[in-house]
Number of protein chains: 2
Amino acid sequence: MMTLSRYASQIPPFHVMALLERAQQLEAEGRDILHLEVGEPDFGTPPPVMEAIQRAMAQGRTGYTPAAGLPALRQAISDDYRERFGAEVPAARIVVTPGASGALQLALAALINPGEGVLLCDPGYPCNRQFVNLVGGDPQPFLLDAASHFDLSAAALEAAWLPSTRVAMVASPDNPTGNMLSPDTLAELVSVVRRRHGTLLVDEIYQGLCYTQPASTVLSQTDDVVVINSFSKYFCMTGWRLGWLVAPEPLVPAIERLAQNLFLAPSTPAQYGGLAALEEASMAILEQRHQLLARRRQCLLNGLAHLKLPVVSRADGAFYVYVDVSRYTHDSHAFCADLLERAGVAITPGVDFGEGHDHKRYVRLAYTCTESRLTEALHRLEHYLESL
Amino acid sequence: MMTLSRYASQIPPFHVMALLERAQQLEAEGRDILHLEVGEPDFGTPPPVMEAIQRAMAQGRTGYTPAAGLPALRQAISDDYRERFGAEVPAARIVVTPGASGALQLALAALINPGEGVLLCDPGYPCNRQFVNLVGGDPQPFLLDAASHFDLSAAALEAAWLPSTRVAMVASPDNPTGNMLSPDTLAELVSVVRRRHGTLLVDEIYQGLCYTQPASTVLSQTDDVVVINSFSKYFCMTGWRLGWLVAPEPLVPAIERLAQNLFLAPSTPAQYGGLAALEEASMAILEQRHQLLARRRQCLLNGLAHLKLPVVSRADGAFYVYVDVSRYTHDSHAFCADLLERAGVAITPGVDFGEGHDHKRYVRLAYTCTESRLTEALHRLEHYLESL
C-alpha cells in the first residue's frame, strides 16, 4: 500500500480546473463557450519565434544546453534589460529555466530552509505556497487591503514580517488583481526587506503588459533582489515552458548546480525561440498585441461599469480584472458554475487566489479573447444577471 | 546579504562539467576532441518527430496542455506498453512530465516525508540524491558489489533496508554501469519491498537500449510500483525535455495536482513530438539506431579488452561501460583531466557516481559517437596509456 506524502496530500485542487473540464464537456456537446478564465494569451507564438525554432531544428539543435541556458540567450536577456529598461543586469546573473515555474522553484529552494517563512500576497498566484511547502518552508499570508484596491503597501508588509520570515514575494503586474507596483513602492519594499535582513523576490512574469504606466523592473533600482520572469505571457510562448531568474551574482553558481540536478537544462528549441522573441521583428508584433490587449481591457472595464459590477483591483497590468460579485452571490464558485452552465461564460472564482479574504465575493476575468468575444461575454453576463 | 539555503549549499558540482568546459575550450582553440563523456545520443531527434512538431506549430498548438499531458499522448504511451511489452498500463496511470527529471521530482515529492529514507544505488545517477534532499528525505546509499559487476541483489537490498526507509530506487538499464535487472531479480525486488511495506521506484529511462536481453518493464510484473521514463534516450529527444511517470491509479490525482502546481504542464510541442515518436515511422528509425549502438558497444568492448582495461559492469544496456583504470591511476579524475589535455579524449570520472566505493578507480565511457570516432578514441587511449 503506497501512501502519499503529507506534502502531496495537502495540495488543494484549483477550482477553475473543474470549471474548465465542464466547459470542455459543454463544447464537446456543441455549446459555444466564451473563455475568460484562461491565464494565457490567445495570440499564439509569434511567427518569427516559430521560424527560429524551425531553423534550430533543421540545424539539429535538439540536444542539451548548459543548465543555466544558452550563453547567447542569457546575453540577449541582459541586453534587453539594458535596452528596454535601462537596467544593467550582466548575463552571469541570469539563469534560464523551464518556465517561470522552474525559476520559482529554484529561487525558493535556493533561499529557504525548512521552517523559514515566506510572505505571500493574498490574493496571489496559488502555486506560490506549494513551492514554499515543497522545501519545508512556511507560507505566511500577507493580506492586501481590499478597501484600497488590494494595493500593496511597504508599511503593511513590514508589519506582517515575522521573526521567522526570510523572503517576501511580490508580483508586478500581479495575478489576479492586475495591480502594478510603482517605482516608489518598490523602493520602499527594497528598503523594508533590507532592514529585516530578508530577501525580496519579485515576480515580473507579466512585465510589458501594462496600460497606465511604462513597463519597469525592480532591477533598475537594486541588484539585491531575486527576480522571476517568463517568455509565456508578453512573449506568447506559454506551451514552450521557458522562463528565467535573476539573482545576485554570488548565488548563481549554486543555483546553476541546483538547475543541473533538478532540471538538467531548459528546452533547447524553446531557447532558440526565446532568442528570436527578443529581436525587433518579434517585438514589433508583441507591441501590436499589447495595444490590442489595451483595447480589450478598456472594453471589459467599460462593460463591467455598465453592469455596475465593481472592479476591486487597479487592473493596470497583466490581463486580469478582479471583480466583486457579492451583490449577486455569497459563493462566487457556485456563481461561476451557474454562469458557465446557463450562459456559457467561463470565469475564475476568487477562492483559487487565497484564503485570508472572503474570496467568495470575487471572480477573476481574463481579457485573453478578442474584443467581439469579450462583448458577447458581457452581453451574456448582463442577461444572466438580469435573470437572477 | 542573501544567504543560500543549506540544501542549495550542499549540492556538489559534477566533476565532468569542469572537464566539459575544458574540452570546449580546447575545441575553440582548434583541437579535435573525442566525446565519450556525454550521456546523450548523437543521432538528433528523428525526422518524423520533427515533422510532427512543425505540424503542431503550424496548427498553433503552442498553448498549455493539461498538467498530466495530452490525453492522446497518455493513451499512446499506454498502447505502447501493451504492444511492445505486453503490459496493461491504463492511460489514467500515466503522467507526462518535463523530462524524467520532472518525473523523479514528482515521484519523490509524492512519496517522501522529511526524514524518510530512500535507498539509492551506489554507483548511480548523481542527481537522485538531490531530489531526495529537496523534500527533506534521507538518501541512503545502497552499495552494489564491485566484485560481482555491480549487480544488484534483492537480498542485499533487503539487508540495506533501514527502519526509516520508505522507497528503494533502482534503474534498469542503469547509469553508469549499463547493467540490467533480470525479470527474476525484479520479481524478487518487488517482493522484498512489499515485505518491507515500502515503494519500489524503477528508473526505466534507458528502456529499449539493451543488447543481450529483450527490452522489458517492471510494469508487466506488477502495478504496485512507480516507474520513471523518458523520451530523451531511446527516442533521441534530450533537448525537448519530455518524460513520464507511471503510478498506482489512486495516487495519480494528487500527483497531477503536484504537477499543476510545480510545472503547470509539460512542453506542448514536445508532446506532439512524443506522439509521433511512438509511431511506426519513428520506431523503425530508432530500431536502426539501436542496432548501430549495439555495434558501437561491441567495438568499444573489443577495444577495451585489447587494452586490457577491465570493464567492471555488465554493460548490457544504455550506452555506458564502467571501467577500472586503477592499473594506471589512483585518481581517475586526474586521469580524465590528463587524458583530455594530452590525448583529446573526454570521459567521465567515477567520482560523479557515488561516494561509497572507491570510485577513483573507475571511469565511465559512453558510446554516443560513431564507430570511427570510437576507434580513434581507442587508438588515442592506447598511445596515452603507453606513455604513462
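Can you tell me which residue is surrounded by the most Cβ atoms within 10 Å (Cβ to Cβ) among those in the range A:144-180 that are within 23 Å of A:Ala215 (Cα to Cα) and touching a helix residue (DSSP H, G or I) at 6+ places or on another chain (Cβ under 7 Å)? Before the answer, list the steps.
Of all residues in the range A:144-180, those within 23 Å of A:Ala215 (Cα to Cα) come to A:144, A:148-154, A:168-180.
Still in the running and touching a helix residue (DSSP H, G or I) at 6+ places or on another chain (Cβ under 7 Å): A:152, A:154, A:168-170, A:176.
Numbers: A:Leu152: 25, A:Ala154: 20, A:Ala168: 27, A:Met169: 27, A:Val170: 26, A:Pro176: 29.
Of everything passing the filter in the range A:144-180, A:Pro176 is surrounded by the most Cβ atoms within 10 Å (Cβ to Cβ).
On the given criteria, is B:Ser172 within 21 Å of B:Gly39 (Cβ to Cβ), in contact with a strand residue (DSSP E or B) (Cβ under 9 Å, 6 or more places away or on another chain) and either within 14 Å of chain A (Cβ to nearest Cβ) or of a type in the set (D, E, K, R) (or both)? Outline the logic, then answer.
Values: within 21 Å of B:Gly39 (Cβ to Cβ): yes; in contact with a strand residue (DSSP E or B) (Cβ under 9 Å, 6 or more places away or on another chain): yes; either within 14 Å of chain A (Cβ to nearest Cβ) or of a type in the set (D, E, K, R) (or both): no.
So B:Ser172 does not fit the description; no.
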| Members of the range A:357-388 that are touching a Leu at 6+ places or on another chain (Cβ under 7 Å) and surrounded by fewer than 16 Cβ atoms within 10 Å (Cβ to Cβ) | A:Glu382
| Failed item in (1) surrounded by 20 or more Cβ atoms within 10 Å (Cβ to Cβ); (2) outside any helix (DSSP H, G or I), with B:Phe335 passing the rest | (2)
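Residues checked against (1) in contact with a Pro (Cβ under 7 Å, 6 or more places away or on another chain); (2) small (Gly, Ala, Ser); (3) farther than 30 Å from B:Gly344 by Cβ:
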{"position": "B:Gly30", "(1), (2), (3)": "no, yes, no"}
{"position": "B:Leu36", "(1), (2), (3)": "no, no, no"}
{"position": "B:Gln75", "(1), (2), (3)": "no, no, yes"}
{"position": "B:Pro90", "(1), (2), (3)": "no, no, yes"}
{"position": "B:Thr97", "(1), (2), (3)": "yes, no, yes"}
| note | Residues in the range B:112-154 that are of a type in the set (A, V, I, L, M, F, W, C), more than 25 Å from A:Glu256 (Cα to Cα) and out of contact with any Leu (no Cβ under 7 Å at 6 or more places or on another chain) total 3
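Can you give me the number of residues within the range B:357-375 that are over 18 Å from the mean Cα position of the chain (by Cα), part of a loop (DSSP other than H, G, I, E, B) and over 20 Å from B:Thr329 (Cβ atoms)? Reasoning before the result, please.
Taking the range B:357-375 as the starting set, the residues that turn out to be over 18 Å from the mean Cα position of the chain (by Cα) are B:357-362, B:370-375.
Narrowing further to those that are part of a loop (DSSP other than H, G, I, E, B): B:357-358, B:370.
Pick out the ones that are also over 20 Å from B:Thr329 (Cβ atoms) and you get B:370.
Number of matching residues: 1.
Listed here are the residues, each with its yes/no results for (1) farther than 24 Å from A:Asp324 by Cβ; (2) touching a residue at least 60 places away in the same chain (Cβ under 8 Å); (3) of a type outside the set (A, V, I, L, M).
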{"residue": "A:Ala154", "(1), (2), (3)": "yes, no, no"}
{"residue": "A:Thr165", "(1), (2), (3)": "yes, no, yes"}
{"residue": "A:Thr177", "(1), (2), (3)": "no, yes, yes"}
{"residue": "A:Asp184", "(1), (2), (3)": "yes, no, yes"}
| message | If I ask for residues that are in contact (Cβ under 8 Å) with a residue 12 or more places away in the chain, surrounded by fewer than 14 Cβ atoms within 10 Å (Cβ to Cβ) and over 30 Å from B:Val227 (Cα atoms), which ones from the range A:2-46 would you list? | response | A:Arg31, A:Asp32
| For the range B:222-240, how many residues meet the condition of being over 19 Å from B:Asp174 (Cα atoms) and more than 16 Å from the chain's Cα centre (by Cα)? | 3
| message | Can you tell me how many residues within the range A:238-254 are more than 7 Å from chain B (Cβ to nearest Cβ) and buried (at least 23 other Cβ atoms within 10 Å of the Cβ)? | response | 6
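Considering each of B:Arg314, B:Arg327 in turn, give the residue that is closer than 21 Å to B:Phe150 by Cα and in contact with a His (Cβ under 8 Å, 6 or more places away or on another chain). I'd like the intermediate steps shown before the answer.
Working: B:Arg327 fails: in contact with a His (Cβ under 8 Å, 6 or more places away or on another chain).
Of B:Arg314, B:Arg327, the one residue that is closer than 21 Å to B:Phe150 by Cα and in contact with a His (Cβ under 8 Å, 6 or more places away or on another chain) is B:Arg314.
Looking at B:Gln221, B:Gln213, B:Gln207, which one is in contact (Cβ under 8 Å) with a residue 60 or more places away in the chain and more than 9 Å from every other protein chain (Cβ to nearest Cβ)? Lay out the reasoning, then the answer.
Details: B:Gln221 fails: in contact (Cβ under 8 Å) with a residue 60 or more places away in the chain; B:Gln207 fails: in contact (Cβ under 8 Å) with a residue 60 or more places away in the chain.
None of the others qualify; the one that does is B:Gln213.
Readers should treat all values here as calculations from the given coordinates under stated rules, not as data from a laboratory. It should be emphasised that the depicted structure is a prediction, and the values quoted were computed from it without experimental measurement. Don't worry about glycine lacking a Cβ; one is built from the backbone with ideal geometry, like all the others, and counts go over all protein chains shown.
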